[in-house]
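Values quoted throughout were computed directly from the atomic coordinates according to the rules given, and no laboratory measurement underlies them. Nothing here was measured: the structure is a model prediction, and the numbers come from that model. Cβ: placed from backbone, ideal geometry, glycine included. Neighbour counts: every protein chain shown.
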Amino acid sequence: MDKIEHIGIAVKDLTVSIPIYEKLLNTSCYKMEEVSSEMVKTAFFKTGDNKIELLEATAPESPIAKFIEKKGEGIHHIAFAVEDILQEMERLTQDGFRLLNTQPKKGADNKMVCFVHPKEAHGVLIELCQEIKWV
Ligand code: ZN
């Protein structure tokens, strides 16, 4: 895997959290995007080479709503950039990691994504993401 692509933070209300993170990071939110398949609204911030993704649930059955119900707001996942998501998925499966999706899914911010079950990563939800390149 390559660098940490972003850190995902679960929040209850983006309209509250965005101004706070803008103040905290001293930078403006550069992108908001809804991912309907995941039932989330996302907001992205850049700090140097790093990105922060805030996630708000758009439905009670959203994974983000369930996460907040159980654990409260806070760090939800760490995303790593990968060159070839299918190859990484294959490698992880062979090494005994459980993936939450068997095919890469379209994620936010122009990425194909796949999640690794937090159980095998000691409680941390890991996201693989590969930039979608338009040719
Ligand atoms: Zn993410």
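A few notes on this one:
- Helix 14-25 vs. the chain, principal-axis angle (Cα, 0 to 90°, nearest 10): 90
- The phi torsions of the stretch 50-58, fed into the Karplus equation with coefficients 6.51, -1.76 and 1.60 and a -60° offset, translate into couplings of 9, 10, 10, 10, 8, 10, 10, 5, 10 Hz, rounded to whole numbers, with Gly and Pro shown as x.
- Under 5 Å, built H, 5+ apart or other chain: amide partners of His76: Gly8, Ile9, Ala10
- For the stretch 4-48 versus the stretch 63-90, the inter-centroid distance based on Cα atoms is 14 Å.
- Once the chain from Lys66 to Thr15 is taken as fully extended at 0.36 nm per residue, the excess over their C-alpha distance is 16.4 nm.
- Sequence-distant residues sharing a close amide H with Val40 (under 5 Å, placed H): Val35, Thr58
- Among Leu99, Leu125, Leu25: highest mean-square fluctuation, GNM of the chain, C-alpha pairs under 10 Å: Leu25
- Ordering Pro19, Ile7, His117 by the projection of their Cα atoms onto the charge dipole of the chain, which places +1 on the Cβ of Lys and Arg and -1 on the Cβ of Asp and Glu, puts Pro19 at the extreme positive end.
- Taken about its Cα centre, the stretch 1-43 carries a charge dipole of roughly 160 debye when the Cβ of each Lys and Arg holds +1 and the Cβ of each Asp and Glu holds -1.
- When you count the other C-beta atoms within 10 angstrom of each residue and take the mean per peptide, 50-61, 101-112 line up highest first as 50-61, 101-112.
- Size of charge dipole - the chain - debye, nearest 20, with Cβ of Lys, Arg +1 and Asp, Glu -1, no other charges: 240
- Computed helical MRE - 222 nm, the chain, DSSP H runs ≥ 4 contributing -39500 (n - 2.57), nearest 500: -7000 deg cm²/dmol
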